[in-house]
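Here's the structure, in structure tokens; my notes come after.
The values are calculated or read from the model by the stated rules, or taken from the named source; none is laboratory data. As the structure is a prediction and not an experimental result, all values here were calculated from the model. Every residue, glycine as well, gets a Cβ built from its backbone with ideal geometry; the counts of neighbours run over all protein chains shown. Just so you know, the surface numbers come from the protein's heavy atoms only, side chains and all, with ligands and any DNA or RNA stripped out. Shrake-Rupley method; radii C 1.70, N 1.55, O 1.52, S 1.80 Å.
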Amino acid sequence: MVNLIEAQKPLLTGMMRLAGLRPIDVELEPGTTMHVWAPKHHAGKKGTTISPHDASAAATGGDAAAAAAKKPPGGRRGSRRKGPEAKPNVVLIHGFAAEGNVTFQFNFGVLVSRYNVYIPDLLFFGKSSRTDSADRSPEFQARCVAAALARLGVARCDVVGFSYGGMVAFKLAEARPDLVRSLAVSGSVVAMTDAVNRETMERLGAGSSAELLMPETLQGLKALFSVSMYRKMWFPDRMYKDYLKAMFTNRKERLELLQGLLDSNMDAKMPTFQQKIMLIWGEEDKLFDIELAKKMKEQLGEKCYLQGIPKAGHLLHLERPCAYNRQLGKFLAHVNSQETQATS
């Protein structure tokens, strides 16, 4: 029997291709590949796989840092340069329940005309291959994203993160201020501490984050969608069953990612970020409520902004994509206009 969720993917793939994006497998090391939807100018005649030793790929390691230092923000070599490389780069990092293109299916289309858009699948999600590393921390995911972007020649970018992807985005911004110019985050926290996790699970009546975020049954998946959305949506049971089969793969590794999320933040402290940060929040978010976002804004300081979206829950970018896209677009335009003024 046809999986209804899998059957929709060719349509989504076609939409992304029409938007000028192409799927590229970026080899980080032998046996470890990150799948990235990237601007089509990256997909050359040699195919859609970029290896560490590919001469056509961007420099990595120390060479990448040197390239970042030589290029002005946005990855441009000069203000007069035209073409795809003249656009600012935007990276969209998905959450825990779906891969990149599914998560941002209603959002990438409004960005591609003004930005080079990159949508990676984090390791153990989508088409990204598994790794031999035992590290399951968000810092590890952030390093992998940074390595993939380096292979693609991205020296500077604005990062958009949702939920788990927001935590990875925060780690990436903290570790690589030279790479990340600004952050736009929704439904996430800087660090999933034991206190935050315990309070959230108690409030939602869940036994653990694994029970909530890695459902094995129809009822478990329905409960996850119920707490993730403001509006009560009805789907046939078959669609829920197909979603379980299509999206919740690599269960062992993803459970380890959840544990790694907690273990890595046992003694977490609020870092100091150099970037401007926009928190775009569903005012009815039940997982990470708006009060948590307000507290986080105070802790992050004057460079952080908070914009609530009414009648939207955790999945605000899917529930109210127009409102979400509008706020994201305003923030990215603001960041770019300020940089243009600073360099003019």
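Observations on the structure shown:
- Filter result (farther than 14 Å from residue 96 by Cα and either part of a loop (DSSP other than H, G, I, E, B) or open to solvent by 40 Å² or more (accessible area, probe 1.4 Å) (or both)) within segment 108-126: 109, 110, 111, 112, 113, 114, 115
- Residue within segment 261-271 that is under 18 Å from residue 98 (Cβ atoms) and either crowded, with 16+ Cβ neighbours inside 10 Å or under 20 Å from the mean Cα position of the chain (by Cα) (or both) present: yes
- In the condition set (1) in contact with an Asp or Glu (Cβ under 8 Å, 6 or more places away or on another chain); (2) loosely packed, with under 14 Cβ neighbours inside 10 Å, residue 301 is compliant with all but (1).
- Of the residues in segment 331-339, none is open to solvent by less than 30 Å² (accessible area, probe 1.4 Å) and without any contact (Cβ under 8 Å) to a residue 24 or more places away in the chain.
- The number of residues in segment 235-250 that are more than 20 Å from residue 287 (Cα to Cα) and outside any helix (DSSP H, G or I) comes to 4.
- With respect to (1) touching a helix residue (DSSP H, G or I) at 6+ places or on another chain (Cβ under 7 Å); (2) more than 17 Å from residue 123 (Cβ to Cβ), the lone exception for residue 167 is condition (2).
- Restricting segment 26-43 to residues that are surrounded by fewer than 18 Cβ atoms within 10 Å (Cβ to Cβ) and touching a strand residue (DSSP E or B) at 6+ places or on another chain (Cβ under 8 Å), the residue that is farthest from residue 116 (Cα to Cα): 43
- Answer from 247, 296 - the residue that is closer than 25 Å to residue 213 by Cα, of a type in the set (A, V, I, L, M) and crowded, with 18+ Cβ neighbours inside 10 Å: 296
- Single unsatisfied condition, residue 215 versus (1) in contact (Cβ under 8 Å) with a residue 60 or more places away in the chain; (2) buried (at least 20 other Cβ atoms within 10 Å of the Cβ): (1)
- Candidates 282, 220 - the one that is over 19 Å from residue 171 (Cβ atoms) and touching a Ser or Thr at 6+ places or on another chain (Cβ under 8 Å): 282
- Residue match in segment 309-318 (condition: surrounded by fewer than 16 Cβ atoms within 10 Å (Cβ to Cβ) and either assigned to a strand (DSSP E or B) or not basic (Lys, Arg) (or both)): yes
- Residue count for segment 279-293, restricted to those that are surrounded by fewer than 21 Cβ atoms within 10 Å (Cβ to Cβ), assigned to a helix (DSSP H, G or I) and touching a strand residue (DSSP E or B) at 6+ places or on another chain (Cβ under 8 Å): 1
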